[in-house]
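I have placed the structure first, in the form of structure tokens, so that the comments after it can refer back to it.
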Amino acid sequence: MAELAFFSGTMDCGKSTLALQMHHNHDARGRDGVLFTRNDRAGAARLSSRLGLSVDAHEVGDTTDFWAEVVARRTHGRAVDYLICDEAQFYTAAQVDQLAAVVDELDVDVFAFGITTDFRTRLFPGSARLVELADRIEVLQVRALCWCGARATHNARTVDGVMVVEGEQVVVGDVEADADTVGYEVLCRRHHRHRLTSVSARAASPSPQTLGVLPDDVPAARA
Ligand SMILES: Nc1ncnc2c1ncn2[C@@H]1O[C@H](COP(=O)(O)OP(=O)(O)O)[C@@H](O)[C@H]1O
Ligand SMILES: Cc1cn([C@H]2C[C@H](O)[C@@H](COP(=O)(O)O)O2)c(=O)[nH]c1=O
């Protein structure tokens with residue numbers, strides 16, 4: 001029986017890498033899949049991983065209809081066994097409904113990958129609908145880490161190096177962006193709530209050498 005699986009987490013936790021690995025493994029066993037993505041950092045119609053692999057994919061737009069995409073391919077004699085759907089947070093709720101219909105009525109596995117919440121800790125529309133509809137939700141095993149060493153659970157946006165909590169929901173960017181542009185950093189919830197990024201934490205807490213204290217005395221991780 002086909003399934004709708006949602007692999008979710010923060011930015012930079014390995015979702016696109018897993019998407020490419022899953023595609024490789026299914027493809028290697030003779031299954032026929034189609035890759036979709038939306039607003040990948042590498043540009044339109046690309047699915048890229050920070051580990052260096054980047055492949056062609058179909059760019060999802062507001063008018064993309066997943067039901068029609070699968071039916072059209074099958075009408076032309078192509079077997080569609082599974083869909084890889086990266087950056088699924090950017091899909092519309094209606095498109096996630098189409099994905100569920102593709103699973104249930106057309107027996108196609110759908111593997112969706114995306115960040116759950118935005119820089120304000122609010123659910124993206126696509127992720128919200130996936131949480132509502134998915135047969136299973138998987139949190140990736142490789143933990144993204146906050147600067148304090150705790151598991152990173154939230155995404156912070158920085159503008160000119162300063163964390164912001166207002167702005168457009170969608171701004172394509174990376175976790176290693178230049179300080180003078182829009183960038184992102186993954187944080188634990190506590191440090192997201194305190195708006196304490198690695199840069200502001202360093203500024204607030206001078207180095208142990210400066211203070212003449214032992215590393216264990218550094219209170220940054222308890223902030
Ligand atoms: N130079 C590197 N060496 C080893 N692993 C790396 C390197 N750069 C990135 N990674 C791994 O890649 C992960 C990010 O993968 P990616 O698929 O691009 O993430 P996501 O799609 O979730 O944003 C990082 O969490 C890290 O584990
Ligand atoms: C938190 C947040 C992120 N984005 C963008 C930034 C990136 O382009 C993608 C996430 O890609 P990744 O492969 O998971 O790193 O989403 C955004 O537009 N708005 C946000 O609030």
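What to note about this one:
- Failed item in (1) assigned to a loop (DSSP other than H, G, I, E, B); (2) farther than 18 Å from residue 169 by Cβ; (3) of a type in the set (Asp, Glu), with residue 104 passing the rest: (1)
- Of the numbered criteria (1) touching a Phe, Trp or Tyr at 6+ places or on another chain (Cβ under 7 Å); (2) open to solvent by less than 40 Å² (accessible area, probe 1.4 Å); (3) within 28 Å of residue 198 (Cα to Cα); (4) among the aliphatic types (A, V, I, L, M), the one residue 144 fails is (1).
- Complete set of residues in the stretch 1-22 that are within 14 Å of ligand 1 (Cβ to nearest atom), touching a residue at least 40 places away in the same chain (Cβ under 8 Å) and not hydrophobic (A, V, I, L, M, F, W, C): 8, 9, 10, 12, 14, 15, 16
- Failed condition for residue 192, given (1) closer than 30 Å to residue 22 by Cα; (2) surrounded by 13 or more Cβ atoms within 10 Å (Cβ to Cβ); (3) at pLDDT 95 or above; (4) not assigned by TED's automatic domain parsing to the domain that holds residue 11: (1)
- Residue check: residue 22 meets all listed conditions (1) within 12 Å of ligand 2 (Cβ to nearest atom); (2) within 29 Å of residue 150 (Cβ to Cβ) but one, namely (1).
- Considering residues of the stretch 1-13 that are out of contact with any Ser or Thr (no Cβ under 8 Å at 6 or more places or on another chain) and among the small types (Gly, Ala, Ser) only, the residue least open to solvent (accessible area, probe 1.4 Å): 5
- Residues located in the stretch 79-100, provided they are more than 16 Å from ligand 2 (Cβ to nearest atom), surrounded by fewer than 20 Cβ atoms within 10 Å (Cβ to Cβ) and part of a loop (DSSP other than H, G, I, E, B): 79, 81
- Subset of the stretch 17-71 [in contact with a strand residue (DSSP E or B) (Cβ under 6 Å, 6 or more places away or on another chain), part of a strand (DSSP E or B) and open to solvent by 60 Å² or more (accessible area, probe 1.4 Å)]: 46, 58
- Long-range neighbours under 7 Å by Cβ, at least six apart or interchain, first residue without any contact (Cβ under 8 Å) to a residue 24 or more places away in the chain within the stretch 23-52, second of a type in the set (A, V, I, L, M, F, W, C): 45/57; 46/57
Condition check ((1) modelled with pLDDT under 95; (2) of a type outside the set (Val, Ile, Thr); (3) surrounded by 15 or more Cβ atoms within 10 Å (Cβ to Cβ)) across all residues:
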residue	(1), (2), (3)
102	no, no, yes
108	no, no, yes
116	no, no, yes
121	no, no, yes
126	no, yes, yes
134	no, yes, yes
149	no, yes, no
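The values are calculated or read from the model by the stated rules, or taken from the named source; none is laboratory data. Since the model is a prediction, treat every value here as computed from it, not as a measurement. Using ideal geometry, Cβ is built from the backbone for each residue, glycine included, and neighbour counts are taken over all protein chains shown. Surface accessibility is based on the protein's heavy atoms, side chains included, excluding ligands, DNA and RNA. Shrake-Rupley method; radii C 1.70, N 1.55, O 1.52, S 1.80 Å.
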